[in-house]
Amino acid sequence: MPILDQYGNPIPKEPPGQARGFLPLNDPYRVYPARGLTPERLARILRQADEGDLALQAELFEEMEERDALLFSLLQTRKLAVVGLDWRLEPAGEGRDARRVLRAVEEVFWDLPLEDLMTDLLSAIPQGVSVVAVAWEWDGLLWRPKAFRWVHPGLLVYRAGEDRFYLAAGPGREEAFPYGGAIEHRYRARSGLPTRAGLMRSLAWLYVFKHYALKDWVIFAEVYGQPYRIGKYDPAAGEEERRRLEEAVRSLGADAAGVISKDTEIEILEAAKGQGPEVYERLIRLANREMTQAVLGQTLTSSEGEGGSYALAKVHERVRIDLLKADARALARTLREGLLKPFVAFNFGPELLDLAPLVVPEVEEEKDLESRARVLQTLLGMGLSIPEAWLREEFGVPAPDPQGPVLTPLLAPQERKERGLVAGQAFVDGLGDRLLEKAPMPGLPALLQAIGEAEGYEDLRRRLLALFPGISFAELAQLLEAALTLSELAGRWAQRQDSGLDG
């Protein structure tokens, strides 16, 4: 029993004849439906598309993108965010056939003009659907895609009963795309007919109101920016004199010069100051904000001066990441279904269709490393053990090379926590401790015991003479003199600290 495609037709083992070098031509003629567009005309165009005829709607959406710079920028941002991702192919199974199919696909796939192909397919985001025709050729070993051509949506006809797009081949004549002869990408912003799923269906009304406001603003600026010029003539003036006066008044608007009779008069009135322009500006700003919300899913990160917090902007950025993931996954499914599966069917047979490799986009969310570092520092302070290898991978820090130079942190000087006499006493105590560490005394425990048991200075003197009978009094005097000198210097330093002389 043959394997069938989604429309119930048998999947061929070779590209059909019309898919071998056949690429439909786009109609170069345009009717420019955006010219003089009114809300009534827009409604008629949208209703016509609901009935399956996409010609005027597709051309209108294309013209809207050309005329509106902000809309063009937003859609470019949405598309290029997907095209700029890293992509990879993964086998659809673990068997030998899956690996064999993957190797064959990789030989062809990465040589294709993928960026152009993805950009063409992603035009489904504004239009709702995008079709790219494929021409196949035999290179002696494999059937491979030879060329791609984007099919203008205005040449498509949708049949709701079949849920299928046909190519309008002429008046009253429609042709179905053969299996493998076209890649069809649909954008599902919402459920329902694919002819109503494009973002432009929502943006069209904003476009109309925005450009009405822009047109009125230009007219207002033309009138508001120039003063009124009034020519006064004598009632007895003849027709020729009045005509020359009118020409002089009109020429003042462009040339700022004119020739009139001395019996005539020209008066220039400044336009009244008012608040007229603000209403147009607010309406255009509102339309721009709504367009940005619809295309990118956020507003704060696409314009300046709108206010808002950094945290809210990060929330909006995460919503945009969600859109990016959805767009990338949808495009990956389309590439597998419309390109890789026909490749497998034509080269390995329809029975291995499910072994077509998976197209996987690599979407990585931007990490807030500073916040993560603070969290990890807190966890380390609580005693949590963190593997160094995981930490290096998380922050992208490679392990040091034993043969190469390594940067080490500079130790910051310790801040003085105490001042004055407390610090001076601590200095003396620390000095004694350091000296004892460098030159330990064997009889120190007995000395400390004698000091602790002495009942007074005379008693301590007798005990010390008994402990050290051969001590040199000259050396002891020098030692005491040095100790007293250091103690005095420590006291002076503490006094300067308390007085604030040394900061």
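General observations
- Within the range 15-49, tally of residues that are under 35 Å from the mean Cα position of the chain (by Cα), among the aliphatic types (A, V, I, L, M) and within 13 Å of residue 61 (Cα to Cα): 6
- Evaluation of residue 348 against the conditions (1) aromatic (Phe, Trp, Tyr); (2) at pLDDT below 85; (3) within 26 Å of residue 89 (Cα to Cα) shows that the sole unmet condition is (2).
- Note on the range 289-304: among residues that are not small (Gly, Ala, Ser) and not in a helix (DSSP H, G or I), the one that is modelled with the lowest pLDDT is 304.
- Residue check, residue 54 among the aliphatic types (A, V, I, L, M), touching a helix residue (DSSP H, G or I) at 6+ places or on another chain (Cβ under 7 Å), buried (at least 17 other Cβ atoms within 10 Å of the Cβ) and under 18 Å from residue 189 (Cβ atoms): yes
- Matching helices (runs of 4 or more DSSP H) fully within the range 370-480 where at least 1 residues are more than 25 Å from residue 491 (Cβ to Cβ) and modelled with pLDDT under 65: 444-453
- Considering 197, 160, 133, the condition of being in contact (Cβ under 8 Å) with a residue 60 or more places away in the chain, of a type outside the set (Ser, Thr, Tyr) and loosely packed, with under 13 Cβ neighbours inside 10 Å is satisfied by 160 alone.
- Checking each residue in the range 77-122 for being assigned to a helix (DSSP H, G or I) and of a type in the set (D, E, K, R) picks out 78, 79, 96, 97, 99, 100, 103, 106, 107, 115, 116, 120.
- Considering (1) more than 22 Å from residue 59 (Cβ to Cβ); (2) touching a residue at least 24 places away in the same chain (Cβ under 8 Å); (3) not in a strand (DSSP E or B), the lone condition that residue 125 does not fulfil carries the number (1).
- Search result, residues across the range 37-62 that are in a helix (DSSP H, G or I) and either of a type in the set (Val, Ile, Thr) or not assigned by TED's automatic domain parsing to the domain that holds residue 129 (or both): 45
- Considering the range 305-335, and only residues there that are within 17 Å of the chain's Cα centre (by Cα) and among the basic types (Lys, Arg), the residue that is modelled with the lowest pLDDT turns out to be 318.
- Meets criteria (of a type in the set (Asp, Glu), in the same structural domain as residue 332 (by TED's automatic domain parsing) and surrounded by 13 or more Cβ atoms within 10 Å (Cβ to Cβ)) for residue 68: yes
- Residue that is of a type outside the set (A, V, I, L, M), part of a helix (DSSP H, G or I), modelled with pLDDT under 75 and not assigned by TED's automatic domain parsing to the domain that holds residue 37, where the choices are 247, 222, 281: 222
- Only residues that are surrounded by 12 or more Cβ atoms within 10 Å (Cβ to Cβ) and either in a loop (DSSP other than H, G, I, E, B) or modelled with pLDDT under 90 (or both) were counted in the range 136-157, giving 2.
- Residue that is at pLDDT 95 or above and not in a loop (DSSP other than H, G, I, E, B), where the choices are 174, 184: 184
- Neighbours by Cβ (under 6 Å, 6+ apart or cross-chain): first from the range 476-503, under 21 Å from residue 465 (Cα atoms); second at pLDDT 65 or above: none
The values are calculated or read from the model by the stated rules, or taken from the named source; none is laboratory data. The shown structure was predicted, so the numbers you read here are calculated from the model rather than taken from an experiment. Cβ sites come from the backbone with ideal geometry, for glycine too, and all protein chains shown count toward neighbours.
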